[in-house]
Structures are given as structure tokens and as C-alpha cells.
Amino acid sequence: MRSYGQYCSVAKALDVIGDRWSLLIIRELLLQGPCRYTDLRNGLPGIATNLLSDRLRELEAAGLVRREEAAPPVATTLFHLTETGAGLQSVLDALGEWGIRYMVLPADGDEFRSHWFSFPIALFLHDSEPDRPPLSIELRPGGRPAVVEISGGEVRTRLGEASSPDLILDGPPRLILGLLSAGLTPDQARDGGLTITGDPAILRRLQQEPFRLS
């Protein structure tokens, strides 16, 4: 592990997590929980297999990640965050909020995974009417769907399908996020190519003020 050689807490932190891919590995373990090697590789499009192995070893050596040999039926190695690694949650939350301004226009070829919705959605969706019945919104950005569940004042995002969603948003991730953040109206989102099934008016319960992707 390379070091900046500076007696400064920011430099010391970057000695541990400043290498390329390190924080994204932490992101995957925060969002997905304990992961197999293949789960991590699938959530990190573009990473070379040998580089993923190197980064995992470095994060283990630094005490941020631990491995466990899982019992059947999993019967494979699972990677977990340690308490120290999980302590980076607030760091990733702050980076996610700061970085959303750069999501205005995805670059050509940008990959997307549905569980990545969790960071921006946590920023701009809040249940303002917790006494009302639960809601579910299914997000279909291509590939694996995700579900936003709203109940009792809490908003959660998970992978999978909803059994009977109140609203389905099917289309490019930027249009889904634009509508959820109130940066786009339903008509604007539809004009851009988003398919909306259900009444988008239910989003008023969740949107306190427009959150611009800029």
C-alpha cells in the first residue's frame, strides 16, 4: 500500500482507501451486504480480476474487510465489512450527495446497476405522511429491477420486484431519478422516454422540494 507520508488524518485515510476501486468495493459491501467474489465483480463493471483480488487483500490487511468460508448451500467465500469498514457509511453518503451534481448527463458507455439507486434515493425521498398506507414503486432501468418501499415514515430500496406496485417507472436511470427527485415533471419524463404505469401523483408524499441533478 502506497503512502502519502503525511501525519494528517485525511492523508492517513487516503493511504487506506484512496486507491482506485477501494471505495467502490466498500460501496458494494454496504449496499449488498456480505458478497461472494462474483457478486463484487458483477457490481464493479470494468475492474480486472487480479486488481479486485489485490484490493480485497489490501482492505483485509487494513482491517476494513474480512472473509468467511460460508457453510452449504452457499459453500463459498463471503466478504464482509468489519466495524471499521462499516464506519465509512457516512463517508459514502456524503460522497454520494456531493457527486450527484455530476450525474446530469451520463457519459457514453456508463454502466449502471439497480442497487446504486440507494444513494440518490436516500437523499431526496422522505415519507412525509407516515400514517398513510404503505406504498411501493418498482424501478426498471434495464437489467435487474429495484423496489422503493415506503412505510411508517421510512423509505427503503431493495433489489427485486414488487408483488403489486403502486407505481412502475421503466426507462433510463437518469429519467427515473429526474422524476423521483422532482427535477422532471411526469410529462417531461414521458417525453424523454420514461414509461410510467400508475399515478405519479403519489410521489408528492415523498418529495419535499425539487432536488436538482446539477
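The values are calculated or read from the model by the stated rules, or taken from the named source; none is laboratory data. This is a predicted model, so every value here is computed, not measured. Cβ coordinates were reconstructed from backbone atoms using ideal geometry, including for glycine residues, and neighbour counts include every protein chain displayed. In case anyone asks, the SASA skips ligands and DNA or RNA and just uses the protein heavy atoms, side chains included. Shrake-Rupley method; radii C 1.70, N 1.55, O 1.52, S 1.80 Å.
Computed values, structure above
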{"read-out": "In the stretch 33-53, the residues that are more than 18 Å from Glu83 (Cβ to Cβ) and surrounded by 18 or more Cβ atoms within 10 Å (Cβ to Cβ)", "value": "Leu40, Gly43, Leu44"}
{"read-out": "Pairs, first modelled with pLDDT of 95 or more in the stretch 59-75, second open to solvent by 70 Å² or more (accessible area, probe 1.4 Å) and hydroxyl-bearing (Ser, Thr, Tyr), C-beta under 9 Å, six or more apart", "value": "Ala62/Thr84; Gly63/Thr84; Leu64/Thr84"}
{"read-out": "Number of positions in the stretch 14-25 that are within 22 Å of Leu159 (Cα to Cα) and open to solvent by 30 Å² or more (accessible area, probe 1.4 Å)", "value": "2"}
{"read-out": "From the options Pro120, Pro145, Pro133, residue that is surrounded by fewer than 20 Cβ atoms within 10 Å (Cβ to Cβ) and within 17 Å of the chain's Cα centre (by Cα)", "value": "Pro145"}
{"read-out": "Residue list for the stretch 61-88, filter: closer than 18 Å to Ala122 by Cβ and either surrounded by fewer than 13 Cβ atoms within 10 Å (Cβ to Cβ) or of a type in the set (Phe, Trp, Tyr) (or both)", "value": "Gly87"}
{"read-out": "Single condition Glu28 does not satisfy, out of (1) of a type in the set (Asp, Glu); (2) over 14 Å from the mean Cα position of the chain (by Cα); (3) surrounded by 15 or more Cβ atoms within 10 Å (Cβ to Cβ)", "value": "(2)"}
{"read-out": "Failed condition for Ile150, given (1) open to solvent by less than 20 Å² (accessible area, probe 1.4 Å); (2) closer than 30 Å to Asp108 by Cα", "value": "(2)"}
